[in-house]
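I have placed the structure first, in the form of structure tokens, so that the comments after it can refer back to it.
The values are calculated or read from the model by the stated rules, or taken from the named source; none is laboratory data. Since we're looking at a predicted model, the values are computed, not measured. A quick note on method: Cβ atoms are made from the backbone with ideal geometry, for glycine too, and the neighbour counts reach across all protein chains shown. SASA here: full protein model, heavy atoms, side chains in, ligands and nucleic acids out. Shrake-Rupley method; radii C 1.70, N 1.55, O 1.52, S 1.80 Å.
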Amino acid sequence: MEFEAFIRANEVPIRLGFFFGIFAVMAVWELAAPRRPLTQPKGVRWANNVGLVFFNSFLARLVFPTAAVGMALFAREHGWGLLNHFQVPYALAVVAAVIALDFFIYLQHVMVHAVPVLWRLHRVHHADLDYDVTTGARFHPLEILLSMLIKFAVIVVMGPPVLAVILFEIILNATSMFNHSNVQMPVRLDRVLRWFVVTPDMHRIHHSVDVRETNSNYGFNVPWWDRLFGTYCAEPALGQLGMKIGLEHLGPPVCLNLFMMLRFPFVATLGRYVGRQP
Ligand SMILES: [Zn+2]
Ligand SMILES: [Zn+2]
């Protein structure tokens, strides 16, 4: 398909365009109407969080010769995957694939909280002591590589249209920056939006130091999985302004620098929380 060829040829500029565009919008919105006061020096946090993003992008390019879109093309060429095997209307296949990919991201998120060795990687994301647009891209490189491998496996089994994969990548990137941002919006708007997309007030609860709250709101795109599987939490016990963000066992406030973030899974003790239900 010509459209798919265009996407394939321009995947990097398309994705970078969305990334920088949405990042800029959220960063300005955070400045203009912040939800909570930040507790850490912003310049230091941003330098390290953004540094980690660049490091991860470089590493992912180095390790994987193809991105998820390339994997979808490969699956189609070889007739692999359910959606390449059965005759499904194109539009239906795109929508079903985007929703299914999101469901697997939800499951993966629950898994990295439940398995101690994976929690070691994932807690780099949770160790951020403030919560803003840069938190949304702050993941340990090994977790990024793990999620790429899981995504490749899902694509091979599902055989999604190429359009669905690139749409999903763009949507996931966009919603992650949106729902990690420190933006203020009317509570009534938040409540309506929450039926369709994970909002900042909803995902922020997942970053609470309260274990019951860390074990909730795993969704990144759509909020339905949390509601369906009983992991939804509407409000933090101490409220959006009173709740503490981060990992309690880290002790006195520390702002992890890039080197410490890379090393973090291998050095620190697991602490009291290892993803189990209290
Ligand atoms: Zn998490
Ligand atoms: Zn998060």
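Among the residues of the range 148-164, those that are in contact (Cβ under 8 Å) with a residue 12 or more places away in the chain and surrounded by fewer than 18 Cβ atoms within 10 Å (Cβ to Cβ) comprise 148, 150, 156, 157.
Selection over the range 134-147 of residues that are under 12 Å from the mean Cα position of the chain (by Cα), hydrophobic (A, V, I, L, M, F, W, C) and open to solvent by less than 40 Å² (accessible area, probe 1.4 Å) gives a count of 2. Could you say whether any residue in the range 180-189 is among the basic types (Lys, Arg), closer than 15 Å to residue 126 by Cα and surrounded by fewer than 19 Cβ atoms within 10 Å (Cβ to Cβ)? There is no residue in the range 180-189 that is among the basic types (Lys, Arg), closer than 15 Å to residue 126 by Cα and surrounded by fewer than 19 Cβ atoms within 10 Å (Cβ to Cβ). Look at the range 177-202: where a residue is in contact (Cβ under 8 Å) with a residue 12 or more places away in the chain and within 16 Å of ligand 1 (Cβ to nearest atom) and a partner is among the basic types (Lys, Arg) and open to solvent by less than 10 Å² (accessible area, probe 1.4 Å), sitting 6+ places away or on another chain with Cβ atoms under 7 Å, you get 202/194. Every listed requirement among (1) over 15 Å from the mean Cα position of the chain (by Cα); (2) within 15 Å of ligand 1 (Cβ to nearest atom) is met by residue 122 save one, (1).
Which ones in the range 189-224 are away from ligand 2 (no atom under 11 Å from the Cβ) and among the basic types (Lys, Arg)? Listed by number, the residues that qualify are 191, 194, 212.
Got a sec? Which of 203, 207 is surrounded by 18 or more Cβ atoms within 10 Å (Cβ to Cβ), more than 16 Å from residue 39 (Cβ to Cβ) and not aliphatic (A, V, I, L, M)?
Numbers: 207 fails: more than 16 Å from residue 39 (Cβ to Cβ).
The conditions single out 203.
Being β-branched (Val, Ile, Thr) and more than 16 Å from ligand 2 (Cβ to nearest atom) is a description that applies to residue 155. Cβ-Cβ contacts under 8 Å between residues 6 or more apart (or on different chains), taken from a first residue in the range 101-129 that is away from ligand 2 (no atom under 14 Å from the Cβ) to a second residue that is at pLDDT below 95 and polar (S, T, N, Q), are listed as 102/221.
For residue 178, all conditions in the list (1) part of a helix (DSSP H, G or I); (2) within 16 Å of ligand 2 (Cβ to nearest atom); (3) under 23 Å from residue 111 (Cβ atoms); (4) under 13 Å from the mean Cα position of the chain (by Cα) hold save one; what is the number of the exception? The number of the failed condition is (3).
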